[in-house]
Every structure is written in C-alpha cells, then in structure tokens.
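Chemist: Dropping the structure in here first, questions after.
Derivation of every value follows stated rules applied to the coordinates shown; laboratory data play no part. A quick note: this is a predicted structure, and the numbers were derived from the prediction, not measured. Reconstructed Cβ throughout: ideal geometry from the backbone, glycine too, with neighbour counts over all protein chains shown.
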Amino acid sequence: MMRTTLAALALVAAMPLAALAHGPSRQKVVETVEINAPADKVWAVIGNFQDMGWLAPVEKTEGTGGNDAGAKRTLTLKGGAKIDEALTTYKADVKSYSYEITTVDVKVLPVSNYSATLRVTGEGDKSTVEWKGAFYRGYVNNDPPPELSDEAAVKAVTGVYRAGLDGLKAKIEGGK
Amino acid sequence: MALGIAVAGVSCAASCAIADAPRFAYVTNQGSETVSVVDLETFKVTATIPVPGKPAGVAVSPVQDRVYVTCPDTHDVAVIDTKVNAVVVRWPAGKGPLGIAVQPVTGRVFVADWYGTFVRVLDPSGGNVLSEIAVGQSPSGIAISSDSTRALTADRDSDTVSMFGATSGGPKSAVAVGGHPFGMTLSGDGRRAYTANVTSDDVSVIDVAAQAVVATIAVGRRPYAVALSQTRAFVTDQYGGTVSVIDLASLKKTNTIEACDHPEGINYDASRDVVYVACWFDNKLIRIDAETLKITGSVAAGDGPRAFGDFIK
C-alpha cells in the first residue's frame, strides 16, 4: 500500500510536458440500480447537490450556490481527502443533475476531466437510478502506469458508482 | 459544355443542390473503434468500418475518394477508401495524432500532434512527412482555407490560434484566444475563424486579416467545436448537452438547443441546411434543421462517436 502511494507520487512529480492535456480517449461508465420506492422519495435523498451524504465514503459536503447551475461543493471523504465539484445542469422536472469534478488528486480517484449525471426515473413504487460518468484517465500522456491507465480509471469509477447505488438502495429500502 | 452546365445550374436550383450535396457522414466511434458511414439522404448507417486505434479525428478529402482518420492509440492515420469503405493503408503520425485536415487543392494531409507543438504535413500519395510546422502547445483543431493558402490551429494548452501559410509553413503568427481552444473553424471566405474554448466556455471570433479577436461569445459548458451556416454558428457544449446558436451578423448567442449527452463533432450541410452532431455519450448522430433549430433525425452510431473534423462528403 505504502509502495503504491509512493510510486504514484513519484510519477506525478515526473509528469511530462503536456501536463494540461489528457489521455487519448475518454472513457464512460453507466451503472443503474432499481429501488423499491417512488422516484420522488429517491430524488428527495439524492437530489440536493449540497448533500452527498448518501454516498458512504463522503463524510461532509460543503458548498455554495444551492442547486443552481454553477454551484460548488467540496466533498470531504473519510480519511480526509477532498474532491471539488461544480454543478453543470440541474433539472428537477426530470429528476436529474449533471456535475463535474474541478479538483481531485489522482491518488483519490485516478481520472481527469470528469463529468457525470445522476438521474431518477420511475413508475409507481419502483424507480431506477442511473449514474453515468465521462472522464479521461489520470495520466495525461502515452504509456500510462497501470494505476493511472484507462482500465484503472474505469474500474475506480465503476466501483464508486456500484457501491454508491447499492448503498442507496439499501438505505432507502431499509427505511433509514 | 460549359454553357450547358451553367444553364442546368440556373434551371434546377433545388435538384442541382442535391446533386452536389455530401452523400455520407463518416463518424469516428472511439469506444467501438469503428467508423459509421451514414447515408445523409436516408439517414441510415450503410457501412461500419473497423478502425482499431481509438479513432477520433476525421477529415474527408475533397480531391480523392478518401477519408482520413486519426488513431491516437496506435499513433497513426487510417486511410479509408470510400469506394470500398475499408482502411487501405495506415500512416505513422507521431505520438498524439488528433486534429486533422486536408488542404483542398493539393490533397495534403495536416495532422496536429496533441502531445507536441507542431503539425505534420503528409503527402497523400504515400503518407511520407513533407514538413513539420511548429505551432503552440497541444494543437487540436486544424482549419485550412478553401483556397488552400492559409492554415490555422487551435493550440489548446497555450490558449492561442496559430496561423501560417498552408503551403509554405510561414509567415507564422499567433493570436491569443479563450481558455483551451479545441475546435477550429474557418468561414467559407476565409475571413473569420472561430474557436470553441473548452475551459472558458466561450467562442473566440477572429478577424483573420487583422489577426485579432473581434468577439468573445459565451456559450454552454465545455464547448467542443463550431459549425457555420451562412448566417449562424452552431457550437456543441459537451457538459451542457446543448448546441448553442450564434447569429453571425450580431455575434450574439440567440438560442440553446437541447441536443444530447456530450455532443461533440459538428458539421453544417449547406445543401440540406442542417447540422449533424455526434453524441458521444448517447452513441448517435443527430440532424438539426439549421433554420427551425429542431432535431429532425437520429441514427445509432458505434460507441463513443467523436467525429472531430470535417466528416461529411
């Protein structure tokens, strides 16, 4: 674990010239979960951009701008890492919002230029939550190290989405 | 003979326009590593060409039956023969080939190196490098004037547009634009150039002769590329999921079209007065009426269509 962290640090330090560019191809992840609850109830849990508390690793959400496009939030994860995000679009009528990550350490999430959309659809007592993300890998140049590759980025985001959606389902269906 | 053509041109404006119309769109699907060939009359996919290497940039050749596709993963340009709809040869193209354009008269292929600071000019007869022209950092979109004299690059990481003689490579100049210009589009008369500025969420309008920005127009979040009709500019806003419409006379944004998730490559088809937009997340190509601004067609592409460049022919 220690070795991985140090290796990642060394790579970041040695990052070559085109530090502002990104990897050659954008990746996408789409995950969904079906929840035995009305869409309004699910939206009430996840529809506030200023409260990401339903996602287990998030300890604290602090931000400004409410649910208006351009609003900001900083997620503090358990263990202290922070992720800065901004709200791109908010559509309460279709229970959907899109956001982007403005700052994240690739050691926390190995991605760059990340954008995502959360959306709730449903009928009656059942709903579906879709979480989809678009991002480049954490390493901007050719020949990335394994931990900053396209595959690593997809795996990390898929893991967050899967755990988050499954946790959301358990939380809502468990009545907590 | 010449007279006959002229007379025909006068007497059948509508049908002659269709006769000259682009017939197909060539959509690079980066995820599925294919190019979808879309018949623009029926708006259906008529062929899917395997193109390994995460194809992204595209440029149709106005002088040959060819479409050139950049493949950043395999660091080369795939040459598609449109008579057989297959890749017939691949040419090495540095470390980060992305933006690509064809010089209309000579058919020469200009390839920007995303990981470098230059444009390579390739000989269409065999793909050998004729010259390397130094530009800004991470050159992305390339535009070449229809008279073939001038070339421009959007230099993403230096926030500039480089301009140079398309044949000579010089004299060179750079104009400061917005944050991280990506798409690069030149008007038909070559007088004005437009960049989509990814991080400043705006479009820079350049007076080419004066080498100066004459307007900066706010658009949606994360603009990617610009297409031009006679009267309007259409801008894909990746994160916004919209197409921003700009009136070219007033240089003001007039409309926002709800398009799709992550709209990217965009081209204007003058003969049909429509724009085509590649929807990266939704895996489709959509058609928008350039007058009514309504979506009038949609066709499934492969995974992750980007279509960065001139993709209709």
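Chemist: Which FRET efficiency value, to the nearest 0.05, do you get for A:Asp68 and A:Ala163 by plugging their Cβ-Cβ distance into 1/(1 + (r/R0)^6) with R0 = 35 Å? Let's see the in-between values first.
Modeler: On the way: r = 29 Å, r/R0 = 0.82.
It comes to 0.75.
Chemist: May I ask for the net charge around B:Lys294, where only other residues with Cβ less than 11 Å from the Cβ of B:Lys294 are counted and Lys, Arg are +1 while Asp, Glu are -1? Mind dumping the intermediate values first?
Modeler: On the way: positive: B:Arg287; negative: B:Glu258, B:Asp289, B:Glu291.
With Lys, Arg at +1 and Asp, Glu at -1, the net is -2.
Chemist: Counting Lys +1, Arg +1, Asp -1, Glu -1, what net charge surrounds A:Gly138 among other residues with beta carbon under 15 Å of its beta carbon?
Modeler: So the surrounding residues net to -1.
Chemist: So what's chain B giving for Rg/Rh, alpha carbon basis, Kirkwood Rh from the mean inverse pair distance? Don't jump to the answer; show the numbers that get you there.
Modeler: Working: Rg = 18.0 Å, Rh = 19.1 Å.
Expressed as Rg/Rh, it is 0.94.
Chemist: Another one. Determine the equivalent ellipsoid of the range B:50-173 by diagonalising the alpha-carbon gyration tensor, then write out the semi-axes as square roots of 5 times the eigenvalues, largest first, rounded to whole Å.
Modeler: Numbers: eigenvalues 96, 55, 24 Å².
Semi-axes (√(5λ), whole Å): 22, 17, 11.
Chemist: Now, a different point. Taking 2.2 N^0.38 Å as the expected size of a compact globular protein, what ratio does the Cα radius of gyration of the range A:26-173 give against it, to two decimals?
Modeler: 1.03
Chemist: What is the distance in Å between the Cα centres of the range B:152-211 and the range A:129-172?
Modeler: 35
Chemist: Still on this structure, please answer the following. Run the simple label-point estimate for A:Asp40 and A:Glu59 please: 7 Å along Cα→C-beta, distance reported in nm.
Modeler: Placing both labels 7 Å beyond Cα along the Cβ direction yields 3.7 nm.
Chemist: Got the relative contact order for the range B:35-176 handy, in percent, Cα pairs under 8 Å and 6 or more residues apart?
Modeler: 13
Chemist: Once you place label points 7 Å from the Cα toward the Cβ at B:Lys95 and A:Thr32, how far apart are they in nm?
Modeler: So the label points at B:Lys95 and A:Thr32 sit 4.2 nm apart.
Chemist: Something else about it: Quote the FRET efficiency, to the nearest 0.05, computed for B:Thr254 versus A:Val94 with a Förster distance R0 of 30 Å and r equal to the Cβ-Cβ distance.
Modeler: The value I calculate is 0.75.
Chemist: Next question, about the same structure. Can you give the Rg to Rh ratio of the protein assembly as shown, both from alpha-carbon atoms, with Rh computed by the Kirkwood formula?
Modeler: Rg/Rh for the protein assembly as shown comes to 0.99.
Chemist: Next question. Cut-off is 10 Å between beta-carbons; in what order do B:Asp123, B:Asp261, B:Asp310, A:Asp93 appear when sorted fewest neighbours first?
Modeler: Values: B:Asp123 15, B:Asp261 19, B:Asp310 26, A:Asp93 5.
Ordered by Cβ neighbours within 10 Å, fewest first: A:Asp93, B:Asp123, B:Asp261, B:Asp310.
Chemist: Filter A:Lys95/A:Lys132; B:Lys252/B:Lys294; A:Lys107/B:Lys54; A:Lys132/A:Lys155; A:Lys72/A:Lys155 down to the pairs with a C-alpha to C-alpha distance above 18 Å, please.
Modeler: Long pairs (Cα-Cα over 18 Å): B:Lys252/B:Lys294; A:Lys107/B:Lys54; A:Lys72/A:Lys155.
Chemist: Go ahead and run the numbers for FRET between A:Lys78 and B:Asp39, Cβ-Cβ distance against an R0 of 41 Å, rounding to 0.05. Write out the running numbers ahead of the final one.
Modeler: On the way: r = 54 Å, r/R0 = 1.31.
My answer for the efficiency is 0.15.
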